[in-house]
Amino acid sequence: MGLTHQGSRGLHVESVALEDIAARFGTPCYVYSRLALTAAYVGYRDALMAHGLGERALVCYAAKANSNLAILKLFADLGAGFDIVSGGELARVLAAGGSADKIVFSGVGKSREEMRLALEAGIHCFNVESTSELEQLNELAGGMNRRAPVSLRVNPDVDAKTHPYISTGLKTAKFGVAFDQAFDTYRRAATLPHLAVKGIDCHIGSQLLDPAPAAEAADKVLALVDRLAAAGIVLEHIDLGGGMGIQYRREEPAPATADYLAPMLAKFTGRHEKLIFEPGRSLVGNAGLLLTRVQVLKPGAEKHFAVVDAAMNDLMRPALYDAWHDIVPVAKVGAGDTAMPYEIVGPVCESGDFLGHDRELALQEGGLLAVLSAGAYGMAMASNYNSRPRAAEVMVDGTQTHLIRRRESVAELFALESVLP
């Protein structure tokens with residue numbers, strides 16, 4: 001994300017010292033790089049253009065990864081579409097200037113009100129995940145005198161070889177229509193008068209580092225598309241979802257975007273369908289970090305603890321997935337500084353409140369730490385547990401810093417509550 005050491009000022013994002021960001025906006029604080037966000041999107045665009053798919057492809061940013069309005073606006077300005085999973089995300093995308101006709105609406109439990117709002121907005125497509133949803137959407141669209149554009153999210157039963165909580169393409173997952181039922185479900189959809197069958201969708205999981213499972217899923221999807229065409233159901237687009245992973249550990253690099261996409265894109269030579277991807281983590285994950293300050297160093301007989309001012313409510317991934325984030329001191333480590341193995345923990349009253357285990361670091365109370373690769377599912381999953389205000393968010397653009405979400409106040413946490421009379 002353009003993270004560099006620059007002399008005595010320590011780590012910088014682009015041309016701005018993290019020390020200055022902490023002084024101005026406080027900690028904990030999420031920091032994003034506009035340059036890194038842009039480069040990640042351009043990586044998808046260039047890979048698609050290199051395969052001759054520039055005009056027949058749409059990159060729909062998965063807004064659930066990070067739905068800050070400034071980030072949504074940046075991607076909208078770059079030409080992105082959006083993958084949404086709620087009415088709230090629909091409202092956010094539209095408020096940020098996203099085009100409704102570039103929105104795909106995924107999710108297993110869309111409410112009728114969410115369907116209505118999306119129909120009124122004129123979205124590109126609903127990714128339908130059950131026969132019941134098809135029937136409900138048909139009924140609702142009929143009552144509005146409209147035809148709802150739909151694709152089926154097909155579950156190809158492919159093992160994504162990722163964490164079980166973020167693996168979505170197996171038979172045991174709640175997502176999608178079972179592959180062996182998909183053909184008949186498409187035939188049913190084609191008979192419903194208020195639906196327009198437009199495409200097919202597939203998403204097998206997240207944090208995928210090996211392109212082979214996604215390519216295997218693409219083969220199964222294309223075989224179904226051709227079978228449907230032979231039966232007279234010709235689809236306009238094929239949505240292969242997202243899921244490409246990022247580098248969380250310095251010693252475990254992630255594939256380049258072009259290399260990851262290549263096995264899938266090669267399968268589209270000579271085909272007519274429009275191609276859609278739904279990346280989230282790979283666009284924002286490495287473009288953000290969580291800035292936190294060491295409050296207390298607490299040595300122990302078996303473990304040494306560094307208590308920082310960020311916690312599991314700020315970054316849930318370590319507690320939820322036992323996920324790894326590299327953690328580095330903001331100040332340059334001096335020649336005389338001694339590193340020790342630390343548990344990096346927060347002040348929340350839970351034993352599961354940690355950001356990193358057994359990190360070999362030279363630390364001082366009051367020092368700043370950067371928790372890296374935190375741009376995806378960091379702020380998006382943040383909560384107010386222990387009545388903690390959520391962190392500020394800052395965007396760095398060259399030499400400039402922009403506050404894109406101010407820190408919450410404690411009073412705002414209970415502003416919607418009332419005591420009994």
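Things worth noting here:
- Selected residue (criterion: farthest from VAL128 (Cα to Cα)) from residues of segment 90-106 that are crowded, with 22+ Cβ neighbours inside 10 Å and of a type outside the set (A, V, I, L, M): GLY98
- Taken over segment 132-159, the criterion of being modelled with pLDDT under 95 and either over 24 Å from the mean Cα position of the chain (by Cα) or acidic (Asp, Glu) (or both) is satisfied by ASP157, ASP159.
- Every pair of residues 6+ apart whose Cβ atoms lie under 8 Å, when the first sits in segment 96-107 and is over 13 Å from ASP201 (Cα atoms) while the second is in a strand (DSSP E or B) and of a type in the set (Phe, Trp, Tyr): GLY98/PHE82; LYS102/PHE82; ILE103/PHE82
- Reported count of residues in segment 317-373, each being β-branched (Val, Ile, Thr) and over 29 Å from the mean Cα position of the chain (by Cα), is 2.
- Pairing each residue of segment 108-134 that is part of a helix (DSSP H, G or I) with any residue that is among the polar types (S, T, N, Q), provided the two are 6+ apart or on different chains, yields C-beta distances under 8 Å for ARG112/GLN136; GLU114/SER86; MET115/GLN136; THR131/THR185; LEU134/THR185.
Residue-wise test of (1) surrounded by 15 or more Cβ atoms within 10 Å (Cβ to Cβ); (2) outside any helix (DSSP H, G or I); (3) modelled with pLDDT under 95; (4) outside the structural domain of THR269 (by TED's automatic domain parsing).
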| residue | (1), (2), (3), (4) |
| --- | --- |
| ASP180 | no, no, yes, no |
| ARG187 | no, no, no, no |
| LYS198 | yes, yes, no, no |
| ALA217 | yes, no, yes, no |
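- For the condition in contact (Cβ under 8 Å) with a residue 40 or more places away in the chain and over 19 Å from GLU129 (Cα atoms), LEU228 does not qualify.
So that you can scan it fast, the table gives a plain yes or no per residue for (1) of a type outside the set (Gly, Ala, Ser); (2) in contact with a Gly (Cβ under 6 Å, 6 or more places away or on another chain); (3) touching a residue at least 60 places away in the same chain (Cβ under 8 Å):
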position	(1), (2), (3)
HIS5	yes, no, yes
GLU14	yes, yes, yes
ARG34	yes, no, yes
THR38	yes, no, no
GLU55	yes, no, no
SER67	no, no, yes
ALA70	no, no, yes
ASP83	yes, no, yes
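- On the stretch given as segment 271-325, residues that are modelled with pLDDT under 95 and β-branched (Val, Ile, Thr) total 0.
- When segment 37-87 is limited to residues that are basic (Lys, Arg) and part of a helix (DSSP H, G or I), the one that is surrounded by the most Cβ atoms within 10 Å (Cβ to Cβ) turns out to be LYS64.
- Residue within segment 36-49 that is more than 26 Å from HIS272 (Cα to Cα), in contact with a strand residue (DSSP E or B) (Cβ under 6 Å, 6 or more places away or on another chain) and either polar (S, T, N, Q) or assigned by TED's automatic domain parsing to the domain that holds ALA311 (or both) present: no
- Scanning segment 242-261 for any residue that is in the same structural domain as ARG153 (by TED's automatic domain parsing), within 24 Å of ASN127 (Cα to Cα), out of contact with any strand residue (DSSP E or B) (no Cβ under 6 Å at 6 or more places or on another chain) and in a helix (DSSP H, G or I) turns up at least one such residue.
The values are calculated or read from the model by the stated rules, or taken from the named source; none is laboratory data. Computed from a predicted model, the values in this text were never measured in an experiment. Cβ atoms come from the backbone with ideal geometry, glycine included; neighbour counts cover every protein chain shown.
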